[in-house]
Each structure stands twice: as C-alpha cells, then as structure tokens.
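Engineer: Take a look at this one; I'll ask things after.
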Amino acid sequence: MKIRDLETPALIVLQDKMENNLSRMMMLLAGKKPRLRPHYKTHKSPHIAALQIQAGAKGITCSKLSEAEDLAAFGIRDILIANQVVQPAKVARLAQLARCCRLTVCVDDPGNVKALSDAARLAGSTIHCYVELEMGMQRCGIDDFEEFYRLAQYVDGMPGLTYDGIQAYAGNLSHEYDRAVRTEAAAAGEQKLRSLIAYLEARGVHSREVSGGSTGTAALKAGSTVYTELQAGSFMFMDASYGRMDLGFENALLAVCTVISAGKGRFVIDAGVKSLSPDQDPPAVVGFTAERISLSEEHTAFYGPHDFHVGDTVLVVPGHCCATVNLFDQLHFVRGDEVIARFPVTSRGKAQ
Ligand SMILES: Cc1ncc(COP(=O)(O)O)c(C=O)c1O
C-alpha cells in the first residue's frame, strides 16, 4: 500500500528516521553515566518500547498504571511509573503488577507510602520507590531536604517497599528555547541534586538512581555526573514544537491529510484538534509557511498564498507528537512512499 492510499487523517512513522533518532540517542549516551529509560507517552505502543529495549534502553518510563499494565502484558520487565498512584483500587492493582515485573513508582506523601506498603505486603510483592524532588516545575515533589530525607527513610523502613532514589524531572526546561538559559538552569538543578544526595548520604540514606530529563535537555543530561536515567520520549518522533530547538533529532512522525476545501489565500484539511493536538504548537504543513492557522474540531484552515487543490494529499508535522499519537488507533510505518507495517497505539486513552 502507498501512503497516498491511506484514508486520512492517518499517522505515519518514517521508520528510517525513527531508527536514526534512537541510534542518535544511544550514541549520545554511550559511555556516559545516564542510561536511557524512554518515556512511553510518546508512542504508547509496546512494539516500539520493545525496539527501544532491544537498542539498549534499561527499561521504560510511563505515566499511568494502565500503561504499565499494557507494557508488562507485552513482556517489558522494568517499568517506571513517573507519577504518584494514590487511589486505593489502583494501589492494590499496582501491588499486584509488581509481582510480574520490576515496578517503580514515584512518591511524595507518607500516607501514600503507607498504603503502598500495606498493598505490597498483601500482594507479596516489592514496590520500588523514587521520592520526587521539586525541580522548579511546581508540579509534584518535595522541595525541603529534611522533609525529603524523612520520607526517603520512611520508605526504606517500610515492608514491601525499597527506596531506590530520586525522581528529578524539570519539565519547565524541556521547551526553554534559549539554550544559555536552559544550560544554566540545568546546571543549577544538578547542583541542587548534588546537595540533596550529600544531605541524604550524611544521614545514611543512599540514592542509587536519579531519574529525569527530556528530549529538550538530553544533550545536557548526557554529560551529567548525577543522573542515572534519562526519561526522554519525544526524540523518537519529534514535532513542530521541539523542531524549533535544533536538537539533532529528525521529524519521524507525520499526519497524512487531505485538502477538503481550497480558496484564494486559504485551504482547509480534514483534521482539527480531534486529530492534531495544538496544546504546544499548531500543526505545520510540509513545504508551506502559513501566515495564520485556525483549528476547529475536524478542520484546520491554513492562510496564505498557495496552490493546493481539493483532493490533494498533504503531509503535516504535528505540533506535539505525544498528545497527537494519543488521538489515533494506529501508526503506519513507512519506507519511501510504501506502508510497510502497522502497529496499534495500544495504550491510547489509557489515562487511568
Ligand atoms: C515525567 C516525565 N519525564 C520525561 C518527560 C520528557 O518527555 P519529552 O522527551 O517527550 O519531552 C516528560 C514529559 O512530559 C515527563 O512528564
């Protein structure tokens, strides 16, 4: 089947470029301290997770318990849920899941730690824990060192749990477009981590792992002497948003769309916010510079001089690859203009 025969909108993955991105990331980290634990949120496909493991990733990062369940069912053995899981029913499920894979979860609350320990004891499993440090994103995590120490020590003493280290994700830096600001803030984050690690060591708590980082900070984290894991996800596919940052990874994900209306100075494609997530940047048509873009649910209008006609196929770079993939059932792998494989987006919509 050719790309032009796909019913649109459809998502295609340029297999060679995706593989190049993965190789480039492995080369970036070769011989360095941090090992790749790529984030599942980008592709939500266990098939691609398996390719990442084959390429040398130590395990997979995901956001949700239901994603971890999909990964474990596919045979992925080392899974980090880079998030807090607190609902009682989910805590019980998490403890069960920890029986069949090495499962790590983030914590920042003693009540949650107690609940995880009780559930692990009941299930006869071990749950690995990263205590989350607030790194400037103002999302989850503990800022105060003494409070961090007390929680880490509490985790360490709880049956069914182990304290493995620190979740240190500074998402506020991922899309910092000023390289000097990004570099300086990343260095300040490392300094904070070094101080915390020393504070904990002085009190007898050893942090074996320090996990975090993103596509936007991968090059900075590669040389880190503190981080042991890099959680980058988007580098596999890239998108319009990261494409502005000259990170050395190539665009490997495109939406194939059809022009459904064309007039003077404006054309409209058959995909809007229900197919192309604009939460970070609007989508961009390959080979066309828009003066203005307007999205509705099932349409995107591009304004500016053009010579598109109704029925034309256009290739579109999604604004945000991770949020866009979650809107599709399938990824079509292509080489040249040939569709060579199709993989389900197994964990799309798995938000629980
Ligand atoms: C916990 C966590 N780790 C890592 C990432 C980095 O992902 P990316 O490389 O796609 O920016 C994210 C992005 O949302 C995240 O939430």
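The values are calculated or read from the model by the stated rules, or taken from the named source; none is laboratory data. These numbers come from a predicted model, not from an experiment. Because the Cβ atoms are built from the backbone with ideal geometry, glycine has one as well, and the counts that use them run over all protein chains shown.
Engineer: Return a yes/no flag: does segment 132-141 have any residue that is in the same structural domain as Lys41 (by TED's automatic domain parsing), part of a helix (DSSP H, G or I) and among the small types (Gly, Ala, Ser).
Structural biologist: No, that holds for no residue.
Engineer: On the given criteria, is Ala218 among the aliphatic types (A, V, I, L, M), assigned to a helix (DSSP H, G or I), within 16 Å of the ligand (Cβ to nearest atom) and surrounded by 20 or more Cβ atoms within 10 Å (Cβ to Cβ)?
Structural biologist: Yes.
Engineer: Under 6 Å between Cβ atoms, which residue pairs at least 6 apart in sequence (or on different chains) link something in segment 33-59 that is farther than 20 Å from Leu254 by Cβ with a partner that is of a type in the set (Val, Ile, Thr) and within 12 Å of the ligand (Cβ to nearest atom)?
Structural biologist: Pairs that qualify, where the first residue is farther than 20 Å from Leu254 by Cβ and the partner is of a type in the set (Val, Ile, Thr) and within 12 Å of the ligand (Cβ to nearest atom), are Arg37/Thr61; His39/Thr61; Tyr40/Ile60; Ala49/Ile60.
Engineer: Those residues that are part of a helix (DSSP H, G or I), of a type outside the set (A, V, I, L, M, F, W, C) and more than 14 Å from the ligand (Cβ to nearest atom), I need them from segment 196-215; list them, please.
Structural biologist: Listed by number, the residues that qualify are Tyr199, Glu201.
Engineer: In segment 245-262, which residue that is modelled with pLDDT of 95 or more and more than 18 Å from the chain's Cα centre (by Cα) is nearest to the ligand (Cβ to nearest atom)?
Structural biologist: The residue in question is Ala255.
Engineer: Restricting attention to segment 268-291, does a residue exist that is on the phi < 0 side of the Ramachandran plot, surrounded by fewer than 19 Cβ atoms within 10 Å (Cβ to Cβ) and part of a strand (DSSP E or B)?
Structural biologist: So far as segment 268-291 goes, no, none of its residues is on the phi < 0 side of the Ramachandran plot, surrounded by fewer than 19 Cβ atoms within 10 Å (Cβ to Cβ) and part of a strand (DSSP E or B).
Engineer: Exactly one of these conditions fails for Gly111: (1) crowded, with 19+ Cβ neighbours inside 10 Å; (2) without any contact (Cβ under 8 Å) to a residue 12 or more places away in the chain. Give me its number.
Structural biologist: Going through the list (1) crowded, with 19+ Cβ neighbours inside 10 Å; (2) without any contact (Cβ under 8 Å) to a residue 12 or more places away in the chain, Gly111 breaks only (1).
Engineer: Counting just the residues of segment 44-76 that are over 24 Å from Ala341 (Cβ atoms) and charged (D, E, K, R), which one comes out surrounded by the most Cβ atoms within 10 Å (Cβ to Cβ)?
Structural biologist: Glu69
Engineer: Just the residues that are polar (S, T, N, Q) and within 30 Å of Gly311 (Cα to Cα), please, taken from segment 1-34.
Structural biologist: Once the filter is applied, which keeps residues that are polar (S, T, N, Q) and within 30 Å of Gly311 (Cα to Cα), segment 1-34 yields Thr8, Gln15.
Residue by residue, here is whether (1) of a type in the set (Val, Ile, Thr); (2) within 23 Å of Gln352 (Cβ to Cβ) holds:
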{"position": "Lys2", "(1), (2)": "no, no"}
{"position": "Leu6", "(1), (2)": "no, no"}
{"position": "Ser23", "(1), (2)": "no, no"}
{"position": "Lys33", "(1), (2)": "no, no"}
{"position": "Ile53", "(1), (2)": "yes, no"}
{"position": "Leu65", "(1), (2)": "no, yes"}
{"position": "Asp70", "(1), (2)": "no, yes"}
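Engineer: Quick test for you: out of Tyr227, Tyr242, pick the one residue that is outside any helix (DSSP H, G or I), at pLDDT 95 or above and either buried (at least 22 other Cβ atoms within 10 Å of the Cβ) or away from the ligand (no atom under 16 Å from the Cβ) (or both).
Structural biologist: Tyr227
Engineer: Restricting the search to segment 159-195, which residues are in contact (Cβ under 8 Å) with a residue 60 or more places away in the chain and either within 13 Å of the ligand (Cβ to nearest atom) or outside the structural domain of Arg139 (by TED's automatic domain parsing) (or both)?
Structural biologist: Result: Gln167, Tyr169, His175.
Engineer: Would you mind stating whether Leu103 is touching a helix residue (DSSP H, G or I) at 6+ places or on another chain (Cβ under 9 Å) and either surrounded by fewer than 16 Cβ atoms within 10 Å (Cβ to Cβ) or outside any strand (DSSP E or B) (or both)?
Structural biologist: no
Engineer: Now for a separate question. Residues that are under 19 Å from Tyr227 (Cβ atoms) and within 16 Å of the ligand (Cβ to nearest atom): list the strands (runs of 3 or more DSSP E) wholly contained in segment 6-96 that include at least 2 such residues.
Structural biologist: By residue number, 60-62, 78-81.
Engineer: Could you give me the residue pairs with C-beta distances under 8 Å whose first residue belongs to segment 277-296 and is under 17 Å from His175 (Cα atoms), whose second residue is loosely packed, with under 14 Cβ neighbours inside 10 Å wherever it lies, and which are 6+ apart or on separate chains?
Structural biologist: Asp281/Arg244
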